[in-house]
1. Add -39500 (n - 2.57) for each DSSP H run of 4 or more in the chain, then divide by its residues: what number comes out at 222 nm, to the nearest 500 deg cm²/dmol?
2. Please report the relative contact order for the chain, taking Cα pairs under 8 Å with a sequence separation of at least 6, and give it as a percent rounded to a whole number.
3. List the aspartates and glutamates whose Cα lies under 16 Å from the Cα of residue 60, skipping any in the same chain that are fewer than 8 positions away.
4. Just to be sure I understand, if you calculate P(r) over Cα pairs in 5 Å bins from 0, in percent for this structure, which of (1) 3, 11, 16, 18, 16, 9, 8, 7, 4, 3, 3, 1, 1, 0; (2) 3, 13, 24, 24, 19, 11, 6, 2, 0; (3) 3, 12, 16, 14, 11, 14, 15, 10, 3, 1, 0 do you get?
Amino acid sequence: MSEPHRVAGGHKAAIANPNVSEDAKDHSRQVLDSMEKSGELDYEAGKADKNPGNVIGGKKAAINNPRVPEETKDRLRDELAEEGVELDK
């Protein structure tokens, strides 16, 4: 059985690919739309497979990245605080 997130990724790639025909892109949009409406792409379910330490590390790295907007950094700081993670100052 295929993994819905991988199928969706393939359709998203097809939509973004300039070498794919408009008919194929329309088909991919329809497939993605039906997958979203059916709940097949429940993105919250995919979070269970992620390593919490890696997620925290990624958020900390984003906070220290000068290319990340301040609004995003503020949101990430709030998320880490809710998770009980203290930031080094």
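1. About -21000 deg cm²/dmol.
2. Once normalised by length, the contact order is 18 percent.
3. Cα-Cα hits under 16 Å: 70, 71, 74, 78, 79, 82, 83, 86, 88.
4. (3)
Values quoted throughout were computed directly from the atomic coordinates according to the rules given, and no laboratory measurement underlies them. All of these numbers come straight from a predicted model, not from anything done at the bench.
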